[in-house]
1. Enter the mean number of other protein chain beta carbons within 10 Å of the beta carbon of each residue in B:49-55, as an integer.
2. Put a dot 7 Å past each Cα toward the Cβ at residue B:46 and residue A:61; how far apart are the dots in nm?
3. Give me the orientation-averaged projected area of the Cα convex hull of the protein assembly as shown, in nm², one decimal.
4. For chain A, find the longest principal axis of its Cα atoms and tell me its angle to the long axis of helix A:173-201, 0 to 90°, nearest 10.
5. P(r) for segment A:2-208: what percent of alpha-carbon pairs falls in each 10 Å bin, starting at zero?
6. Residue B:454 versus residue B:478, label points 7 Å from Cα toward the beta carbon: distance in nm?
7. Quickly estimate the mean residue ellipticity at 222 nm for chain A, helices only: each DSSP H run with n ≥ 4 gives -39500 (n - 2.57), and the total goes over all residues, rounded to 500.
8. P(r) of segment B:1-82 in 10 Å steps, Cα pairs, percent per bin?
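Rule-based calculations on the coordinates, nothing more; no lab input. Values in this document were obtained by computation on a predicted structure and should not be read as measured data. Quick reminder, even Gly has a Cβ in these numbers, built from the backbone with ideal geometry, and neighbours come from all protein chains shown.
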């Protein structure tokens, strides 16, 4: 079982690094979708062999939302706003990847100093979860397009979800579904807001949303 | 009873989406808020039964914040009735730049207002920290469309910042939630549920380092929503660009709900013996917010932004009060009540001024007292209330906090606190009196009908309540505030 969890974690690291280096919006959406779908399998792996039916159900819901519904919403927005397909970063792709690697090392060190009360299914989980959260935050602050900020938010949420799904004992299903619903509505509302930004400004570059100061 | 509190606004929200007639929809809005108020009053008289295995329960802190929310919403819904009637559906001219814009459909506005009330109610009655998180994020999502009621690019920018900054902030609070679960996962913990009371009962066996980390994330996450500096960056934009009814609710009710989230987590830390750790952090963030607000309040060219920064100041005072502890905790709770009433009143009055003068620039507004006497008097009274002059309630709560600081020998904090308040007093008085006194600028046309009853009565009612709380605190409220302060580790 541990091997599978390890593999998922390594996959997460690779998708994060890929996100930092990819220049096309469509590819980014696809990578985030893939990341989300694979993450949906995590609760099955980390439960340690004993899998109940509601876990299957929940896993399916997560894969459905993160792997299909969110990307569909985002791609629809992308089509509506006819955004330029380039990401336009504030920080270049090469530098982003280098920074990302450095942050990963930092996360490794950080998690070595945070002893868990209970052995996690994979020793990589804590550093990778932190790294995913950091990658998400980095995408939010270092990219121009509103759409990449939403993607960053999703990646960050994926990181937090990794943490929750792998280490934390099962939360009540109601809460898990509530969290998922909130994220869904957030992406939905942000999509609408993006549509309006496009209509108002003819672009979705957030660096030009800077009229309101002090 | 708890179901009724949640279902009344939720049903009304759905109804207002279905109803075609504007007038009927506005009546639904007011009726729902009256119904909500009714059940809140009933909750004062009779302890509401916990439902859903204790997930939803109205404890003392919840009741306090629910009452504030309910009162404000009632005042705001009455005000909204008049406000919406004055908003024509056709294109309108932008006050600031002269460009044209249209409003969002009224059905969506009403439905979101009611959904906002539902989610805030859910925040106050949630005992499960996971559910609390879900409700808190839902308040963000329900209120974002409200900020974008006037469809122009400034409100759009404000909405985007609000959505993104608050969502990211609240996501961090979710991480805090998970940390808390880890803190509670040691074998000594028998009951692993995330109910506040269960966690408090087992406080002594929680894992302290993880609990500390959890509190940090809660503070940063919910602190973003509450508007504690330096996490407040969305707040001035959102509060100044949204319609005044929404500003009043955001400032008076929503900030308090976020504060409740922080209080709940600090309750758990307190039970685990981490009280001093939490208190220091709260004092730090409180002082930072006060200082930050004082700087930006000076020479603030936009009067709605000025009110927004004043909110940053007051949430700072609340955090500071709870951080100082002992008697100041009671002061902080009283302050939360007073600030909500006063700030909502001021935002509604600011809405009246905006409707007549059609500008948010402080410089261009003068002579309110002659143009619209009742609004002018309310504006000046609101100023005296918000800077904490006697006999208004804010004086009493700020005085309680300072008194407790001195009693505990925290003279340094008290001196810093008072000097910042003095600075803010000067900064705000310049703007307020410039606007109230003098004569109207001749080139500025007067729009609409100043001082209509429906626009003046709701803020006046809120103002009278603040005044009353400065002179006399009803025994029932006094008991409730003491009980809440006790739960937060003060007295």
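1. On the way: counts 0, 0, 0, 1, 1, 0, 3.
Mean shielding by partner chains, rounded to a whole number: 1.
2. 3.4
3. Working: hull surface 114.4 nm².
Result: 28.6 nm².
4. 10
5. With a bin width of 10 Å, the distribution comes to 9, 36, 34, 17, 4, 0.
6. Placing both labels 7 Å beyond Cα along the Cβ direction yields 4.0 nm.
7. Working: 9 runs with 152 residues, N = 214.
After summing the helix terms and dividing by the residues of chain A, the value is -24000 deg cm²/dmol.
8. Binned Cα distances yield the sequence 18, 46, 26, 9, 0.
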